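Enquirer: Handing you this structure, nothing more for now.
What follows is calculated from the coordinates using simple rules that are stated; it is not laboratory data. Nothing here was measured: the structure is a model prediction, and the numbers come from that model. Cβ: placed from backbone, ideal geometry, glycine included. Neighbour counts: every protein chain shown.
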Amino acid sequence: MFALPEFFDKLPSVLREVGVAGLVDMAIVTLVIYTFMVVVKRTRRSGLIFTGILITGAVYLAARKFELKLTASLLQGFFAILLVALVVIFQEDLRYFFERVALWWVERRLPLYKRKTTRLPSREVGILARTLGDLARARIGALVVVRGKDLIARHLLGGEQVDGVLSEPLLKSIFDPHSLGHDGAVVLEGNRIARLGCHLPLSKRLHKLPHSGTRHAAALGLAELSDVLCLVVSEERGTISVARKGEISTVANPAELVAVLEAFYSEVAPSAVRTPWKDFFRRSYREKAVAFGVAVLLWTALVYRSQVVQRSFEVPVNFALLPAPLAVTTCEPTAVMVTLSGQRKDFGFLKASDIKLSFGLLDAKPGRRTAAVLILA
């Protein structure tokens, strides 16, 4: 059994073989894999597809290990077109991923005070909850989008720029049934109404929307594509629903809506984090561990095992085709050192017993003979 102290004794040599470049390489791949996992985790469908691909990859490796040639050949053909399949299947997730990378780069160049998502003050939170409660009691439909960190402009269709301060009269006038923009969505950025009359992408998950209308489908559709919080007032039932992270639910009263808004801002715009490193490792730690493990496996399989190394084996000397009645009485040396060069993966299952050194003595004659050995690998 492999003892833990032996592992720590070998750790410095392992780190020397990996090198600084290898550690940086694995760190970058870990970051990319983790970010992509967080992206696909936003929707259950993408998460299931990603899990299915990982399982298929594990089956392929097992087939290669146990020499299941037919299975390995079929799966190898599948992985040959996997890159194209990933682009088609995860096109929305990939777009979101690159958008997040670009947004991160742009934010790094902004002053510190402009980087954070503007948090809605407690007073405005109360105004928003109270106004939506009044609209629900009056059976007036409304759809409010509270923006998080993501860019959502490409998901919005139509609408008018407003840039007005959030207030109860302004919201009620926008959603008045006689208003031109009452059927669209209002987009909040901080304590300001940025746009009104916007049309949102509709969700196709109809099982999540029983007895609901277009507003609820639009709210859930945008919540599936970004980190927004969508608030919907149903004019048929007089209820308030919230859509977030691809899920939609109903709140009982404005007080519960206030709690939902506070929790939302605590996530997307925390006021202060006293232990950033502890919070970093505690948040999505499973995804981080899986991403690091996959990065190590990929680096080991694609880089470490492909490095050219030399291995030496002590091989005993054997004789064959010795005509009778001759016999070999002495042999010096009885074994030779054979040094082979190749990729590290080629030595994975190679043992000294797999290497044979045999002299053919068909033309041998009595006496002492010296033979030169030339091994070509």
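Enquirer: Between PRO169, ALA218, SER122, whose Cα lies farthest towards the positive end of the dipole of region 122-268 when Lys and Arg beta carbons carry +1 and Asp and Glu beta carbons carry -1, centred on the Cα centre?
Expert: Projecting each Cα onto the dipole axis, the largest value belongs to ALA218.
Enquirer: Nearest 5 is fine: what % of DSSP beta bridges in region 308-360 come out antiparallel, could you say?
Expert: About 70 percent, rounded to the nearest 5.
Enquirer: Shifting gears a bit: In nm, what is the difference between 0.36 nm times the number of residues separating ALA352 and GLN161 and their Cα-Cα distance?
Expert: Fully extending the segment from ALA352 to GLN161 adds 61.1 nm.
Enquirer: State whether region 122-268 is rounded, prolate or oblate according to the following rule on the C-alpha gyration tensor (a ≥ b ≥ c being the square roots of its eigenvalues): a/c under 1.5 gives rounded; otherwise a/b larger than b/c gives prolate, and the remaining case gives oblate.
Expert: rounded
Enquirer: Hey, another quick one. Give, in nm to one decimal, the length gained when the segment between GLU314 and ARG95 is fully stretched (0.36 nm per residue of separation minus the Cα-Cα distance). Numbers along the way, then the final one.
Expert: On the way: separation 219, 0.36 × 219 = 78.84 nm, distance 5.60 nm.
Stretched fully, the GLU314-ARG95 segment lengthens by 73.2 nm.
Enquirer: Once fully extended, how much extra length lies between THR214 and LEU362, figured as 0.36 nm per residue of separation less the alpha-carbon to alpha-carbon distance?
Expert: Result: 44.2 nm gained on full extension.
Enquirer: Taking neighbour Cβ counts within 10 Å as the exposure measure, how do VAL125, VAL144 sort from fewest upward? Can you show the working numbers first?
Expert: Working: VAL125 22, VAL144 25.
So the ranking, lowest neighbour count to highest, is VAL125, VAL144.
Enquirer: Counting only other residues whose beta carbon sits under 9 Å from that of GLY190, what net charge do I get with K and R as +1, D and E as -1? Before the final figure, lay out the partial values.
Expert: Details: positive: ARG119, ARG147, ARG192; negative: GLU124, GLU189.
With Lys, Arg at +1 and Asp, Glu at -1, the neighbours total +1.
Enquirer: For a footprinting-style exposure proxy, rank VAL303, VAL232, VAL87 by other Cβ within 10 Å, fewest first.
Expert: Going from least to most buried by this count: VAL87, VAL303, VAL232.
Enquirer: Could you compute the FRET efficiency for LEU151 and VAL338, with r as their C-beta to C-beta distance and R0 at 51 Å, rounded to 0.05? Intermediate results must be reported in sequence, preceding the final value.
Expert: On the way: r = 62 Å, r/R0 = 1.21.
So, using R0 = 51 Å, E works out to roughly 0.25.
Enquirer: Additional query: Among VAL59, VAL162, rank each residue by its count of other Cβ atoms within 10 Å, from fewest to most, as a rough exposure measure.
Expert: VAL59, VAL162
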